[in-house]
Every structure is written in C-alpha cells, then in structure tokens.
Amino acid sequence: MRALFIEHDHISLGGPIWRSLEKHGYEIERFLIVPQDNYDSPNITTTFPNFNEYDLLVPMGAPYGAYEDDRIGNWLLPELAKLKQAHNDGIPILGICFGGQLMARALGGSVAKAPKAEVGWIEIESTDKTLISTGPWFEYHWDRWSLPKGAKEIARSEIASQAFTFGRTLALQFHPEIDPEVLQAWLAMEGGCAEVEAEGVDVELLRKQTAELKIDSDRRAFELVNAFLRRVATAPVEKI
C-alpha cells in the first residue's frame, strides 16, 4: 500500500503519522511542491503525480493561505481540482491543517482568516471521541474553514472547526504529526520563534510541553490513524 504525503513546504515532517501508517504496512512517499529556494516566492508551477496510483493521500500544512489564489494559485488551483477528483474517486484523504482547509474548499466550503490565531496545545470539543479525542492537540493556524455542505463536523474549538468527515475524507485543523523533532524544524525556520512569540506563546515552554506530552500525543496520533483507516477510509464514497 502506498501513502502520498503532499508537502507544500520543505519542513512538513510526518512524525507519528508516518510511523503509524508504516505500522499499518503503508509505504510512505513524499511529494514536495514548494522547495526551500522558493519559500518566499511560492507561486511556482508543478507537475503533480497521479493521485489514483495511491491508496491514501495526506495533504499537509503550509505557511500560506488556502484562499491565496494570487500568491500560490499556479499550484493551489490544480491541487484543489485533483483533490476533489481523488475524493470523488473514493481515495481516502487525511487533510492536516492547511491540508484540511484544502479539503474544505475542494468539497464546496471556504477558507478565511480566523478572528485570532490558535498556537500551542489546546483541548477541543469532540462529538465522537472514538474518532477524534479531546486532546490536547497541537494548533498552529491563523485561518479557518467553513464546512462544506454535507460534511459532518466531528470537533471544534472556541475559534474554529477542528475536524470533519465527508465520505472517505477526514479534515483536521490541528497537527497530530507534531513531536519535538517536528516542532524544532518549524521553530528553526527564519522568523519561526518570533511568529509564535507574537501570539503571546513562550517558545521554551512550548518546547517543554511538547517533550512532556510526546508519549501521550504519539498515542493519540496512532489512535487517530487507526480510527481513520478503520472507519473513514472504508466509508461509502460520497461525491460532490
């Protein structure tokens, strides 16, 4: 089995999501859209692989907005179309943060700036704790989606919808892939620490919390993947 991780920037590590899927027998393949040299000029063109050659798609996070057609439309619009087709073809999709927002937009919802950012470890409200637990989950976003018609919201916070299902798609606003290694890669980026501190978050405390929570957060990530593969990836296909 093959799982394609669609990486929109060069620091999209999969952490426990990679490890969980490998335990389930998936071969992890990675497709990078915006390389490091184009980080500040991301409106590149790319040739996407054939999504139908994969058993699972995982569109990952990004520092860009899922509504920024002028900034990244050269690849954003083709990706939205390809993800919509993959969803309609019944390919299971696990969208993470920006990837979840892409799925909201691809399936008929919309994405816009949130009233405030969510950064750090936050507990969420879940209507189905056997699929999405209350966490805490790691949040790192400034945008939020509006639900597509027909989607079923599973979880939310005070600021934003946090998870929905639609056929064989599960969209997440939070980051189940976070562990100390992934967090450090993000913070090591130019401006990474300043971005977090601008939201009133203590970077050293965030590192400490992430290290202390690693065992539990890894377990939650594994349980999420298990439930996704068992319940969502095998659900009836729902086309739009």
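The values are calculated or read from the model by the stated rules, or taken from the named source; none is laboratory data. Everything numeric here is computed off the predicted structure, so don't read it as measured data. Please note: Cβ atoms are built from the backbone with ideal geometry, for glycine as well, and neighbour counts cover all protein chains shown.
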Among residues of the stretch 171-209 being in contact with a helix residue (DSSP H, G or I) (Cβ under 7 Å, 6 or more places away or on another chain) and assigned to a loop (DSSP other than H, G, I, E, B), the residue farthest from F228 (Cα to Cα) is D179
Counting only residues in the stretch 182-236 that are small (G, A, S) and at pLDDT 95 or above, the one surrounded by the fewest Cβ atoms within 10 Å (Cβ to Cβ) is identified as A211
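Residue by residue, here is whether (1) over 16 Å from the mean Cα position of the chain (by Cα); (2) aromatic (F, W, Y); (3) at positive phi holds:
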residue: H24; (1), (2), (3): yes, no, no
residue: E27; (1), (2), (3): yes, no, no
residue: P42; (1), (2), (3): yes, no, no
residue: T47; (1), (2), (3): yes, no, no
residue: F51; (1), (2), (3): yes, yes, no
residue: L57; (1), (2), (3): no, no, no
residue: M60; (1), (2), (3): no, no, no
Those residues of the stretch 88-126 that are charged (D, E, K, R) and either buried (at least 23 other Cβ atoms within 10 Å of the Cβ) or under 16 Å from the mean Cα position of the chain (by Cα) (or both) come to a total of 2
Across the stretch 127-140, the tally of residues that are closer than 14 Å to I154 by Cα, crowded, with 18+ Cβ neighbours inside 10 Å and of a type outside the set (A, V, I, L, M, F, W, C) stands at 2
Expected single match for over 21 Å from S217 (Cα atoms) and either touching a His at 6+ places or on another chain (Cβ under 8 Å) or surrounded by 15 or more Cβ atoms within 10 Å (Cβ to Cβ) (or both) among L77, L57 is L57
Residues in the stretch 83-105: is at least one modelled with pLDDT of 95 or more, among the hydrophobic types (A, V, I, L, M, F, W, C), assigned to a strand (DSSP E or B) and under 30 Å from A194 (Cα atoms)? yes
Within the stretch 131-170, residues assigned to a loop (DSSP other than H, G, I, E, B), under 28 Å from K84 (Cβ atoms) and either of a type outside the set (A, V, I, L, M, F, W, C) or modelled with pLDDT under 95 (or both) come out as P148, K149, G150, S157, G167, R168
